[in-house]
Every structure is written in structure tokens, then in C-alpha cells.
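Structure first, then comments.
Throughout, read-outs are computed from the coordinates displayed, never taken from laboratory work. The structure displayed is predicted, hence computed values, not measured ones. Methodologically, a virtual Cβ is constructed for each residue, glycine included, from the backbone with ideal geometry; neighbour enumeration extends over all protein chains shown.
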């Protein structure tokens, strides 16, 4: 036989009866148990509702007592476990969801930023390396008026291509830097003049490291651009075999030239013939007006 459903209004009264029973928990513990005690308890409930002017049928009170016994309207927290933890996590999502999303956003932005600043440019440069090498080499070929410079460029580009074929990116980059340095050298053009001034040295002599009985003579010079400005130049130091970018350097000359510059300066403090050479565009090395083998020093 199908169980008859209790109307909603009667169910609400039964729930109210259960609530009343909870507030009378001491009475419940004493009265519920035997059938006789159950009946007396229902009578007391009737009295409670009667005092409030509410008329409640025995059926509703029976339903309320039955619900209390079955703990039908009593909340029982879930037992500890994965389901309870997930439920509590979901309920408390307002506390942790936004900070989590913000943290993830910052991590994502940081990762994207690192890729954009460090990884992508490096990767892009490596991909563009063959094209960049070809462009630099083409510019050298166009500007060069020096057979030695062209031969050097040919060797560098060949080495760079071999390195790329072998997957040696670092070696190819090193050859690229060498080509760039050669191109810069070919592009530069300036006049070379002797340094002068009351407290400035215009010449110096040195004892060669491997010839203690000999002397090397140098005049101190500087490079001047077309506007008369002193500019830095990359100079090879023959004494320690290094290259430095300097504004003044020593150019080795013969003893006669050294003595001539010395006399000129001692005469009145002014060197009359200061221009000793020039570096033309498209050439690697300067042309000198004084006897010189082109050897240089950067420290004295």
C-alpha cells in the first residue's frame, strides 16, 4: 500500500513540535521510552500548545515525536574525509579563490615576462643569425677598399657558416662579433695627430721586453674626427698582445722622428707639425706621414 504523504502545513507543525521537543530536551530524556511515557509526553505537549492558544491534533504530535526519535530534522555533520574536505573547500572558496587566481596570474605574468625579455629575444636572434651574418658581410664587401680586410671577412663568414652547420651557435656568434668589429674598423675615418700640452707627454722610449740592450721610440698620438673632436679608437698593445679602446696611444717611430718631435716641442712648447697620419674609410690601417712600422702601445 502506498504511504500517504503528509500535507505541507501539517509537516510544518510537526517540525515545530520537534523544535519544541528540542527545547524541552530534559523532558524528552525523561518521558520518551515506554509507550505509556510517550502518551504522557504527548499530553504535556498538548498543554504547552494550549497555553499558546494553538490546537494540535494527536496525529501531528505523533508525527513530531516520531521525527524526533528518528532524528529526521536533526543535522548530523559529515564524517571527516575527502567528501567533507571538498565540501568545506567549496563553501570557503570566497576566502581562497581570489588570492589563488591572483597568484596564478602573477606567476603566469612572470613566466610570460621572462619569456618575452629573455627567452624569446635569444631564440629570435639565433633564428636571425644567418641573415644577420650575411648582412654584415655584404656591408663589409661594399665598403672595403682593403684586400686584407676582404680576405679576413671571407674567412670569418666561412667559419660562421661551418659553425651554424654544426649547430655551434656560440661559435657563430663569436664570428659575428668579429665581423662587426671589422665593419666598424672599416667605417671609421679620422686624422692622427701628436698630443701636445705643457703637462702632456708627446713622446716616450721603452726598453723592449726581449731586447734589454735596445730602445723602442714612440710618439704619443690621438684620433680626431672631422669636427675636431678626439675620439676613442681600438688599439693593439704590442707589449701584452691585447686590444684596448683608448683616446691616446703610442705609435712606434724611428729614433730620428722621435728626436725631431722632441726638439720641436722643446723649442717653444708647440709642435709645429702635429699631423702624422690618417685613417681612411674602407681601410683597416692608417696611412702614416712619418716612418713607422705601425706598432703601438696603450700604456706607459
| note | Simple spin-label estimate for residue 159/residue 236, 7 Å along Cα→Cβ, in nm, reads 1.4 nm
| When each pair of different Cα atoms in segment 190-297 is counted once in the 1/r mean, what is the Kirkwood radius in angstroms, to one decimal? | 14.4 Å
| query | Using Cα pairs under 8 angstrom and six or more residues apart, how large is the relative contact order of segment 190-297, in percent? | reply | 31 percent
| query | Given Cα pairs under 8 Å that are at least 6 residues apart, what percent is the relative contact order of segment 117-187? | reply | 36 percent
| field | Least to most buried among 292, 234 (fewest other Cβ within 10 Å first) | value | 234, 292
| query | What nm distance separates the two modelled labels at residue 95 and residue 47, each placed 7 Å from Cα along Cα→Cβ? | reply | 4.7 nm
| task | Report the full-extension gain for the segment residue 83 to residue 259: residue separation times 0.36 nm, less the Cα-Cα distance, to one decimal in nm. | result | 53.4 nm
| remark: Fewest-first ordering of 201, 95 by Cβ atoms within 10 Å yields 95, 201
